[in-house]
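A short write-up of the structure that comes next.
The values are calculated or read from the model by the stated rules, or taken from the named source; none is laboratory data. The model shown is predicted, which means the values in this text are computed figures rather than measured ones. Ideal geometry is used to build each Cβ from the backbone, glycine not excepted, and the neighbour counts take in all protein chains shown.
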Amino acid sequence: MAHIVTEPCIGCKNTVCVTVCPVDCFHEDERALWIDPEECIDCGACIPECPVEAIFDEGDVPEKWMAYIQMNADKAPHLPVITERKEPLKES
Ligand code: SF4
Ligand code: F3S
């Protein structure tokens, strides 16, 4: 199991989530963040931080966003880690 970033993050990228992750498992591309499921320890700290409710426990991902489980696993390992907050792409 892991935690999963889903569609609301795309184009938002608030980045406050990275400040609470104890294992620095958020990775970023130009439009969104992705969690490496091999690194996430399922602490749950990031869920309440995200203002657009983009992060779910793998077991709670809404049906319409199930593809994001595989997308996080595929993308995160190939992208740089982000550990500090940045200017969001848009207000949320
Ligand atoms: Fe990081 Fe915990 Fe969120 Fe996993 S659940 S991404 S370890 S803050
Ligand atoms: Fe994205 Fe929410 Fe983090 S918008 S960058 S998952 S705080």
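Scan the range 14-23 and tell me whether some residue there is touching a residue at least 24 places away in the same chain (Cβ under 8 Å), assigned to a loop (DSSP other than H, G, I, E, B) and loosely packed, with under 12 Cβ neighbours inside 10 Å.
Restricting attention to the range 14-23, the residues satisfying the condition of being touching a residue at least 24 places away in the same chain (Cβ under 8 Å) are 14-21.
The next check asks that each one be assigned to a loop (DSSP other than H, G, I, E, B); those that pass are 14-15, 20-21.
From the residues that got through so far, the ones that are loosely packed, with under 12 Cβ neighbours inside 10 Å too are none.
Within the range 14-23, none of the residues are touching a residue at least 24 places away in the same chain (Cβ under 8 Å), assigned to a loop (DSSP other than H, G, I, E, B) and loosely packed, with under 12 Cβ neighbours inside 10 Å.
Before we move on, is GLU30 surrounded by 14 or more Cβ atoms within 10 Å (Cβ to Cβ) and either without any contact (Cβ under 8 Å) to a residue 40 or more places away in the chain or touching a helix residue (DSSP H, G or I) at 6+ places or on another chain (Cβ under 7 Å) (or both)? Quick ask: steps written out before the conclusion?
Numbers: surrounded by 14 or more Cβ atoms within 10 Å (Cβ to Cβ): no; either without any contact (Cβ under 8 Å) to a residue 40 or more places away in the chain or touching a helix residue (DSSP H, G or I) at 6+ places or on another chain (Cβ under 7 Å) (or both): yes.
The answer is no for GLU30.
Which residues, taken from the range 26-49, are farther than 16 Å from THR83 by Cβ, in a loop (DSSP other than H, G, I, E, B) and either at pLDDT below 95 or more than 7 Å from ligand 2 (Cβ to nearest atom) (or both)?
Initial filter on the range 26-49 (farther than 16 Å from THR83 by Cβ): 30-32, 37-38, 42, 44, 47-48.
Going one step further and asking which of them are in a loop (DSSP other than H, G, I, E, B), we end up with 30-32, 37-38, 42, 44.
Once the filter is applied, which keeps residues that are farther than 16 Å from THR83 by Cβ, in a loop (DSSP other than H, G, I, E, B) and either at pLDDT below 95 or more than 7 Å from ligand 2 (Cβ to nearest atom) (or both), the range 26-49 yields GLU30, ARG31, PRO37, GLU38, ASP42, GLY44.
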Odd one out for ILE4 among (1) buried (at least 23 other Cβ atoms within 10 Å of the Cβ); (2) within 12 Å of LEU89 (Cα to Cα): (2)
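Being modelled with pLDDT of 95 or more and within 8 Å of ligand 2 (Cβ to nearest atom) narrows it down to one residue among VAL23, VAL61, VAL5, VAL81; which is it?
Working: VAL23 fails: within 8 Å of ligand 2 (Cβ to nearest atom); VAL61 fails: within 8 Å of ligand 2 (Cβ to nearest atom); VAL81 fails: within 8 Å of ligand 2 (Cβ to nearest atom).
Among VAL23, VAL61, VAL5, VAL81, only VAL5 is modelled with pLDDT of 95 or more and within 8 Å of ligand 2 (Cβ to nearest atom).
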